[in-house]
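Peer 1: Please find one structure pasted underneath; my questions will follow.
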Amino acid sequence: QETTEEERGSEDMTRDEERIHLLRELSRQEYLKKRERRKLRELEAELRDEIELFGEEELTEKEKKDLELKKQLYEIASKRVKEMDEEESHYKMPDPYVDEMEQKGDMQKKLEVLTQRFKEAPKKELKTDQEEWEEHQISLALSARNASEKGDSLSGKTAYELLLDDSIDFISEDILSGQGTVEMKSSLSKDIIQKNERESLPIFPFREELLQAIAAYKVLVVVGETGSGKTTQLPQYLHEAGYTKRGKIGCTQPRRVAAMSVADRVSKEMKVKLGSEVGYSIRFEDCTCEKTVIKYMTDGMLLREFLNEPDLASYSVIIIDEAHERSLHTDILMALVKDLAREREDIKVIVSSATLNAEKFSVYFDDAPVFNIPGRRFPVDLYYTKAPEADYVDAACITVLQIHATQPAGDILVFLTGQDEIEAAVEILNERTRGLGSRLGELIICPIYSTLPSEQQAKIFDPTPPGARKVVLATNIAETSVTIDGVVYVIDPGFCKQKRYDPRAGIESLLVVPISRASAIQRAGRAGRTQPGKCFRLYTKWSYYNEMSDETSPEILRTNLSQVVLSLKSLGIDDLIHFDFLDKPPTDALIRSLEQLYALGALNDRGELTKLGRRMAELPLDPPMSKCLIASEKYGCSEEIMTICAMLSVNNSIFYRPKDKAVMADSAKAAFHRVFGGVGDHLGLLACYCQWMDSGYSTQWCYENFVQVRSMKKARDIRDQLDAMLERVEVVKCSSNDHQQIRKALVAGFFYHVACLQKNGSYRTIKNPISVHIHPSSSLFKSEKLPRWILYHELVFTSDYFVRQVTEIDSSWLLQVAPHYYREKE
Ligand code: ADP
Ligand code: MG
């Protein structure tokens, strides 16, 4: 059998591709494993402390029992820790002598000892792990001594690095070239910029031209590098030019955080109070008033306004911002706005985008002109890792410390995929910088993600004090939606969280996936805003070219469309197959959402909106939740369902669990769970809210019960709004303490979020089933007897499929509540 050179080549290629996938998968698992290990150690320590607390005194019967249990748990935990240590010791042998030195903090001595021992060591053919490790440390040490003060590359090691567990080798490969004319700013011009910040933005020289173009055309596509001033300046220019005399300027954002932070910024630039002339509107939070003329809002909110005001008569300009993100609602808005522009003579539409494939938008809007704002970006050096990284969160932290120890001043921006990773990174960095003492400048750690309180979000924009270095740990939001000045170094692990939808199974999940090359370029670009920068990619060049796709696929192609379909139906758009989408969603997904809406009773068998459907469309919620709220009246528990929906809407951030009081926190949570007989998380949330209410919404109560005050206040806010909305759709308020009735109402909305217990202890979802597990954060996770049927609020994928917010149900309810979805089988 002969194979040609080429064939063999491509075989190698696919094999390598598989290997890369495998390595990446392993790396993710390694990360999760490490986290578990850390937790296990904490658990062991906690238990030990608690056992000690019992002391020598006489114990009551109950205390004795308690102590006995704790001792048993401790034994299990410490046995597992021992096993774990043994596993780990394969990788790194402890060295008592060096460790002792290290404890004394005598670095210089340590170097000498190591060097000495290396010299004395006889040459051997085979090296042990220990020797290899020593050699590595020595070479680091020697190069640290020789290292000049240049510090212009990460390989210029310093003695500090010996304090780091590890270091990462990067290879410098490419340069992301600068754009447009760039002048180096002297310190003098910096002062001027501070005085005239608005006028120094790249968009400013084009102010008049832009206004002329907007005056001349109904639809204009504006393209410009992130940070050029599109979001903050365009609305102000239009306001100054008098457009707000005829109506509001609406500017949509795909992200809530962006809408809030940009509105805040613009209100400051205009020297008005946020919520007066400049305001924002996001779901469950309307920060505007009658005076508001510049309104930043999420794209979803504008979509809702279409329902109440189909011609958007109160607006003179609509800016669809961040169009390149192609969020689901932005895509739908573009279709609606396109239609609107044909109807309304006096409206202006601006589609604003960061990337250069604006051609597509232009074509879509009947060849609308494209206005390019020439970019201004300094060159960025690109570095790749030599091999895939085993744990990208850890690798990112190491890189932060490497930069901090070896690179000249400049802030660092790290892209992570979500709150959990960001919190883990904050912890790692805090831990490691403690060890560095005061010899290095201060490292100011600023996390930013959507559920972070807004005061803390604002912190990322504070200028870095001299001598310190800021490290911003951000989700994708920092890619194009917000610009943080002063960033010189970008660390890009190459992942993001993405929604995926399997229309056949009707399953929506959040996955951590590799980013696209377009995203990678955007991320790198963040380093070159104010001076030449560096971007450290925690992946190989091979991955970049072979594993990443060109562009991120639009959300509409990979999401559940039920809510959007319901909105479109209630706007009178019946023919969805021929609707003018920028990218057509998969027919499968459309059909599936029509089916779901039919099953929920929102559509009749001819696909027309029912009365129920019309009421559901009034609520800014996912159809299952809307259905459950409206149905709750029938089960006599609308008050309770409102509370549960409000609590579910605050994003898993109700309970907190400080490390040093984890057991107390868990028992507080378990107490809520018990109130309704331990049937599940939904009722635990209800109990928690009710007790808080009984305490007079007390903050003290929150502290005592390990509940986040801020989240509770948010839930109360949302609940108030749901209350008003239910009034509007005429749901009768009623209350019941019967948890069966409450759960039946939940089933009425979430009947296809149901799973059944399998013999192996996992659960199987219904209809095109997959195997899922109860998430460890659920109160049912540890139950002795797992319920046979569960209803879940969401399904996520991390190391496996997990369902979060879980409640036990009775399968007979499914037949009662959703007979056209479930048929008798068993
Ligand atoms: P674009 O929309 O073109 O990406 P923006 O209008 O968002 O640009 O940003 C313009 C400038 O305004 C950025 O350089 C950034 O420094 C500044 N900026 C934006 N938002 C804030 C904020 N919340 N706080 C401080 N500065 C901000
Ligand atoms: Mg912007």
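The values are calculated or read from the model by the stated rules, or taken from the named source; none is laboratory data. Since the structure is predicted, the reported quantities are computational estimates derived from the model, not experimental observations. Because the Cβ atoms are built from the backbone with ideal geometry, glycine has one as well, and the counts that use them run over all protein chains shown.
Peer 1: Scan segment 653-677 for residues that are surrounded by fewer than 16 Cβ atoms within 10 Å (Cβ to Cβ) and in a loop (DSSP other than H, G, I, E, B) and jot them down.
Peer 2: If the condition is that a residue be surrounded by fewer than 16 Cβ atoms within 10 Å (Cβ to Cβ) and in a loop (DSSP other than H, G, I, E, B), then S653, Y656, R657, P658, G677 are the ones that fit.
Peer 1: While we're here: Take the conditions assigned to a helix (DSSP H, G or I) and either free of Cβ contacts under 8 Å to residues at least 12 places away in the same chain or within 14 Å of ligand 2 (Cβ to nearest atom) (or both) and apply them to T252. Does it pass? Write out each step before concluding.
Peer 2: Details: assigned to a helix (DSSP H, G or I): no; either free of Cβ contacts under 8 Å to residues at least 12 places away in the same chain or within 14 Å of ligand 2 (Cβ to nearest atom) (or both): yes.
Answer is no for this residue.
Peer 1: Can you give me the number of residues within segment 306-338 that are touching a residue at least 40 places away in the same chain (Cβ under 8 Å) and of a type in the set (D, E)?
Peer 2: So the count comes out to 4.
Peer 1: For segment 350-385: of the residues being basic (K, R) and out of contact with any strand residue (DSSP E or B) (no Cβ under 6 Å at 6 or more places or on another chain), which is farthest from ligand 1 (Cβ to nearest atom)?
Peer 2: Looking at the filtered set, the residue picked out is K360.
Peer 1: Tell me which of these D492 doesn't satisfy, since it passes every other one: (1) buried (at least 17 other Cβ atoms within 10 Å of the Cβ); (2) without any contact (Cβ under 8 Å) to a residue 12 or more places away in the chain; (3) acidic (D, E).
Peer 2: All conditions pass for D492, except number (2).
Peer 1: Within the group K767, K744, K733, which residue is over 17 Å from G678 (Cα atoms) and either among the hydrophobic types (A, V, I, L, M, F, W, C) or touching a helix residue (DSSP H, G or I) at 6+ places or on another chain (Cβ under 9 Å) (or both)?
Peer 2: Matching residue, one of K767, K744, K733: K733.
Peer 1: Within segment 470-486, how many residues turn out to be assigned to a strand (DSSP E or B) and either within 14 Å of ligand 2 (Cβ to nearest atom) or more than 15 Å from A396 (Cβ to Cβ) (or both)?
Peer 2: So the answer is 1.
One line per residue, one yes/no per condition, for (1) in contact (Cβ under 8 Å) with a residue 24 or more places away in the chain; (2) touching a Ser or Thr at 6+ places or on another chain (Cβ under 9 Å):
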position	(1), (2)
N651	yes, yes
K661	yes, no
G677	yes, no
Y689	yes, yes
Y697	no, no
V707	yes, no
A724	no, no
K733	yes, yes
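Peer 1: Suppose we filter L238, L220 for residues that are at negative phi, modelled with pLDDT of 95 or more and either within 14 Å of ligand 1 (Cβ to nearest atom) or part of a helix (DSSP H, G or I) (or both); which single one remains?
Peer 2: So the residue among L238, L220 that is at negative phi, modelled with pLDDT of 95 or more and either within 14 Å of ligand 1 (Cβ to nearest atom) or part of a helix (DSSP H, G or I) (or both) is L238.
Peer 1: Of all strands (runs of 3 or more DSSP E) completely enclosed by segment 737-819, which ones contain at least 3 residues that are out of contact with any Lys or Arg (no Cβ under 9 Å at 6 or more places or on another chain)?
Peer 2: So the answer is 763-765, 801-809.
Peer 1: Now a separate question. Quick check on my filter: what residues within segment 241-257 are within 15 Å of ligand 1 (Cβ to nearest atom) and at pLDDT 90 or above?
Peer 2: Selection gives I249, C251, T252, Q253, P254.
Peer 1: Of the conditions (1) modelled with pLDDT under 90; (2) more than 30 Å from Y598 (Cβ to Cβ); (3) aliphatic (A, V, I, L, M), I770 satisfies every one except a single condition; which number is it?
Peer 2: The number of the failed condition is (2).
Peer 1: Taking segment 312-347 only, how many residues are out of contact with any helix residue (DSSP H, G or I) (no Cβ under 6 Å at 6 or more places or on another chain), among the charged types (D, E, K, R), away from ligand 1 (no atom under 16 Å from the Cβ) and not in a loop (DSSP other than H, G, I, E, B)?
Peer 2: Residues in segment 312-347 being out of contact with any helix residue (DSSP H, G or I) (no Cβ under 6 Å at 6 or more places or on another chain), among the charged types (D, E, K, R), away from ligand 1 (no atom under 16 Å from the Cβ) and not in a loop (DSSP other than H, G, I, E, B): 4 in total.
Peer 1: List every residue pair whose Cβ atoms sit under 9 Å apart, with the two residues 6 or more apart in sequence or on different chains, where the first one lies in segment 456-470 and is on the phi > 0 side of the Ramachandran plot and the second, anywhere, is surrounded by 11 or more Cβ atoms within 10 Å (Cβ to Cβ) and among the small types (G, A, S).
Peer 2: G467/A409; G467/G441
Peer 1: Would you tally the residues in segment 318-348 being within 16 Å of ligand 2 (Cβ to nearest atom) and either surrounded by fewer than 22 Cβ atoms within 10 Å (Cβ to Cβ) or over 13 Å from F365 (Cβ atoms) (or both)?
Peer 2: Residues flagged as within 16 Å of ligand 2 (Cβ to nearest atom) and either surrounded by fewer than 22 Cβ atoms within 10 Å (Cβ to Cβ) or over 13 Å from F365 (Cβ atoms) (or both) within segment 318-348 amount to 8.
Peer 1: Regarding segment 449-468, can at least one residue be identified that is surrounded by 21 or more Cβ atoms within 10 Å (Cβ to Cβ) and in a strand (DSSP E or B)?
Peer 2: No, segment 449-468 contains no residue that is surrounded by 21 or more Cβ atoms within 10 Å (Cβ to Cβ) and in a strand (DSSP E or B).
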